[in-house]
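Notes for the one structure printed next.
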Amino acid sequence: MRTSARNQFAGEVAEVKQGAVNDEITLRTQDGLEIVAVITHGSAASLGLAAGKQAFALVKASSVIIMVDVVKSQVSVRNCIAGTVSAVTKGAVNSEVTISANGAQIAAIITNESAERLDLANGKPATAIFKASSVIIGVDQ
(Lines give C-alpha, C1' and ligand atoms only; values in the text may rest on other atoms or scores of the structure.)
Protein backbone atom coordinates (compact mmCIF):
# COMPACT_ATOMS: atom_id res chain seq x y z
CA MET A 1 0.00 0.00 0.00
CA ARG A 2 1.30 3.44 -0.91
CA THR A 3 -0.56 6.60 0.06
CA SER A 4 0.22 10.26 0.63
CA ALA A 5 -0.92 10.00 4.26
CA ARG A 6 2.08 10.45 6.56
CA ASN A 7 0.54 8.37 9.34
CA GLN A 8 -0.10 4.75 8.44
CA PHE A 9 -0.86 2.23 11.15
CA ALA A 10 -1.24 -1.49 10.43
CA GLY A 11 -2.96 -3.75 12.92
CA GLU A 12 -5.98 -5.76 13.85
CA VAL A 13 -9.53 -4.67 14.53
CA ALA A 14 -10.00 -5.00 18.29
CA GLU A 15 -13.63 -3.90 18.45
CA VAL A 16 -16.52 -2.75 16.31
CA LYS A 17 -19.36 -0.82 17.95
CA GLN A 18 -22.20 -0.73 15.45
CA GLY A 19 -24.56 2.17 15.10
CA ALA A 20 -27.46 2.99 12.82
CA VAL A 21 -25.39 5.42 10.74
CA ASN A 22 -21.79 5.26 11.99
CA ASP A 23 -19.66 2.53 13.52
CA GLU A 24 -16.78 3.02 15.93
CA ILE A 25 -13.76 0.91 15.01
CA THR A 26 -10.87 0.31 17.40
CA LEU A 27 -7.68 -0.80 15.67
CA ARG A 28 -4.84 -2.21 17.77
CA THR A 29 -1.59 -1.56 15.94
CA GLN A 30 1.47 -3.76 15.77
CA ASP A 31 3.12 -1.26 18.16
CA GLY A 32 0.35 -1.65 20.74
CA LEU A 33 -1.39 1.67 20.06
CA GLU A 34 -5.15 1.82 19.89
CA ILE A 35 -6.52 4.00 17.09
CA VAL A 36 -10.25 4.80 17.15
CA ALA A 37 -12.08 5.60 13.91
CA VAL A 38 -15.68 6.57 13.23
CA ILE A 39 -16.82 5.48 9.77
CA THR A 40 -20.21 4.87 8.21
CA HIS A 41 -21.92 1.59 8.96
CA GLY A 42 -22.05 0.92 5.22
CA SER A 43 -18.28 1.34 4.90
CA ALA A 44 -17.61 -0.96 7.86
CA ALA A 45 -19.88 -3.60 6.33
CA SER A 46 -18.36 -3.33 2.84
CA LEU A 47 -14.86 -3.70 4.33
CA GLY A 48 -16.01 -6.71 6.35
CA LEU A 49 -14.71 -5.19 9.58
CA ALA A 50 -14.95 -7.44 12.61
CA ALA A 51 -12.79 -8.18 15.63
CA GLY A 52 -9.63 -10.01 14.55
CA LYS A 53 -9.61 -8.72 10.95
CA GLN A 54 -6.35 -7.22 9.71
CA ALA A 55 -6.74 -3.56 8.70
CA PHE A 56 -4.88 -0.27 8.56
CA ALA A 57 -5.59 3.29 9.65
CA LEU A 58 -4.54 6.43 7.78
CA VAL A 59 -4.33 9.91 9.28
CA LYS A 60 -3.13 12.97 7.38
CA ALA A 61 -0.42 14.91 9.22
CA SER A 62 -2.49 18.08 8.83
CA SER A 63 -5.24 16.45 10.94
CA VAL A 64 -2.92 15.87 13.90
CA ILE A 65 -2.78 18.46 16.69
CA ILE A 66 0.20 18.64 19.05
CA MET A 67 -0.24 19.45 22.73
CA VAL A 68 2.06 19.61 25.71
CA ASP A 69 1.12 19.15 29.37
CA VAL A 70 -2.18 17.48 28.51
CA VAL A 71 -4.00 14.67 30.22
CA LYS A 72 -6.18 12.41 28.03
CA SER A 73 -9.16 12.94 30.32
CA GLN A 74 -9.04 16.70 29.62
CA VAL A 75 -9.90 16.54 25.91
CA SER A 76 -12.84 15.11 23.96
CA VAL A 77 -10.62 13.73 21.19
CA ARG A 78 -10.62 9.91 21.14
CA ASN A 79 -7.04 9.54 19.89
CA CYS A 80 -4.48 10.93 22.36
CA ILE A 81 -1.02 9.46 21.89
CA ALA A 82 1.60 10.62 24.37
CA GLY A 83 5.24 10.32 23.40
CA THR A 84 8.46 12.19 22.81
CA VAL A 85 9.34 14.62 20.03
CA SER A 86 11.82 12.83 17.78
CA ALA A 87 12.10 15.43 15.00
CA VAL A 88 11.12 18.99 14.17
CA THR A 89 11.65 20.07 10.56
CA LYS A 90 11.04 23.78 10.10
CA GLY A 91 9.80 25.12 6.77
CA ALA A 92 8.99 28.63 5.60
CA VAL A 93 5.53 28.65 7.25
CA ASN A 94 4.94 25.24 8.82
CA SER A 95 6.94 22.69 10.75
CA GLU A 96 6.68 18.93 10.58
CA VAL A 97 6.78 17.46 14.07
CA THR A 98 7.33 13.75 14.62
CA ILE A 99 6.40 12.13 17.91
CA SER A 100 7.65 8.69 18.88
CA ALA A 101 5.31 6.60 21.03
CA ASN A 102 5.60 2.88 21.79
CA GLY A 103 7.81 2.37 18.73
CA ALA A 104 5.35 4.14 16.42
CA GLN A 105 5.94 7.47 14.69
CA ILE A 106 3.20 10.11 14.36
CA ALA A 107 3.75 13.13 12.12
CA ALA A 108 1.94 16.46 12.43
CA ILE A 109 2.09 19.62 10.35
CA ILE A 110 1.74 22.73 12.51
CA THR A 111 2.67 26.37 12.09
CA ASN A 112 6.17 27.48 12.96
CA GLU A 113 4.62 29.89 15.46
CA SER A 114 2.89 26.99 17.25
CA ALA A 115 6.07 24.88 17.29
CA GLU A 116 7.96 27.79 18.87
CA ARG A 117 5.19 28.64 21.35
CA LEU A 118 5.06 25.01 22.50
CA ASP A 119 8.88 24.95 22.65
CA LEU A 120 8.95 21.68 20.70
CA ALA A 121 12.39 20.08 20.42
CA ASN A 122 13.89 16.61 20.24
CA GLY A 123 13.43 14.65 23.46
CA LYS A 124 10.61 16.78 24.86
CA PRO A 125 7.33 15.12 25.85
CA ALA A 126 4.33 15.90 23.64
CA THR A 127 0.97 14.40 22.75
CA ALA A 128 -0.48 13.88 19.28
CA ILE A 129 -4.26 14.12 19.15
CA PHE A 130 -6.70 13.58 16.32
CA LYS A 131 -10.42 13.02 16.04
CA ALA A 132 -11.83 9.59 15.29
CA SER A 133 -13.60 11.11 12.27
CA SER A 134 -10.17 12.03 10.82
CA VAL A 135 -9.14 8.37 10.59
CA ILE A 136 -9.56 6.40 7.36
CA ILE A 137 -9.75 2.62 7.71
CA GLY A 138 -8.69 0.26 4.94
CA VAL A 139 -8.15 -3.44 4.33
CA ASP A 140 -6.04 -5.33 1.82
CA GLN A 141 -8.18 -7.05 -0.78
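Please compute the length gained on full extension between residue 28 and residue 14, using 0.36 nm multiplied by the number of residues separating them and subtracting their Cα-Cα distance.
Separation in residues times 0.36 nm, less the Cα-Cα distance, equals 4.5 nm.
With +1 on each Lys and Arg Cβ and -1 on each Asp and Glu Cβ, how big is the dipole of the chain about its Cα centre, in debye rounded to the nearest 20?
So the magnitude is around 120 debye.
Give the dimensionless ratio obtained when the Cα radius of gyration of segment 1-62 is divided by 2.2 N^0.38 Å.
1.08
Of the heavy-atom accessible surface of segment 1-63 (probe 1.4 angstrom), what whole percent is carbon and sulfur?
45
List the lysines whose Cα sits under 26 Å from the Cα of residue 17, skipping any in the same chain fewer than 8 residues away.
53, 60, 72, 131
Semi-axes of the equivalent ellipsoid for the chain, please: Cα gyration tensor eigenvalues, times 5, square-rooted, ordered largest first, whole Å.
Details: eigenvalues 159, 43, 36 Å².
Ellipsoid half-lengths, sorted descending, are 28, 15, 13 Å.
How much of the accessible area of segment 77-141, in percent, comes from carbon and sulfur atoms when a 1.4 Å probe is used? Could the numbers behind the result be given before it?
Details: 1640 of 3310 Å².
About 50 percent, which is the carbon plus sulfur part of the accessible surface.
What does the accessible area per residue of segment 40-141 come to in Å², with a 1.4 Å probe and no ligands, DNA or RNA counted?
On the way: 5450 Å² over 102 residues.
Heavy-atom SASA per residue in segment 40-141 reads 53 Å².
How far is it, in nm, from the label point at residue 136 to the one at residue 40 when both lie 7 Å from their Cα along the line to the Cβ?
If labels sit at residue 136 and residue 40, their model points lie 1.5 nm apart.
What FRET efficiency comes out for residue 47 versus residue 96 if R0 is 41 angstrom and r is the Cβ-Cβ distance? Round to the nearest 0.05.
Numbers: r = 30 Å, r/R0 = 0.73.
Calculated value: 0.85.
Put 129, 109 in order of accessible area, largest first, 1.4 Å probe: what do you get?
Values: 129 10, 109 65 Å².
Ranked from most to least accessible, the order is 109, 129.
How much net charge surrounds residue 17 when only other residues with a Cβ under 9 Å from its Cβ are counted (Lys, Arg +1; Asp, Glu -1)?
Here the count lands on -3.
Please give every one of the aspartates and glutamates within straight-line cross-link reach of residue 124, meaning a C-alpha to C-alpha distance under 18 Å, and leave out same-chain neighbours fewer than 8 residues apart.
69, 96, 113, 116
The values are calculated or read from the model by the stated rules, or taken from the named source; none is laboratory data. Only a predicted model underlies this, so the values are computations on that prediction, with no experimental measurement involved. Using ideal geometry, Cβ is built from the backbone for each residue, glycine included, and neighbour counts are taken over all protein chains shown. These accessible areas exclude ligands, DNA and RNA; they are computed on the full protein's heavy atoms, side chains included. Shrake-Rupley method; radii C 1.70, N 1.55, O 1.52, S 1.80 Å.
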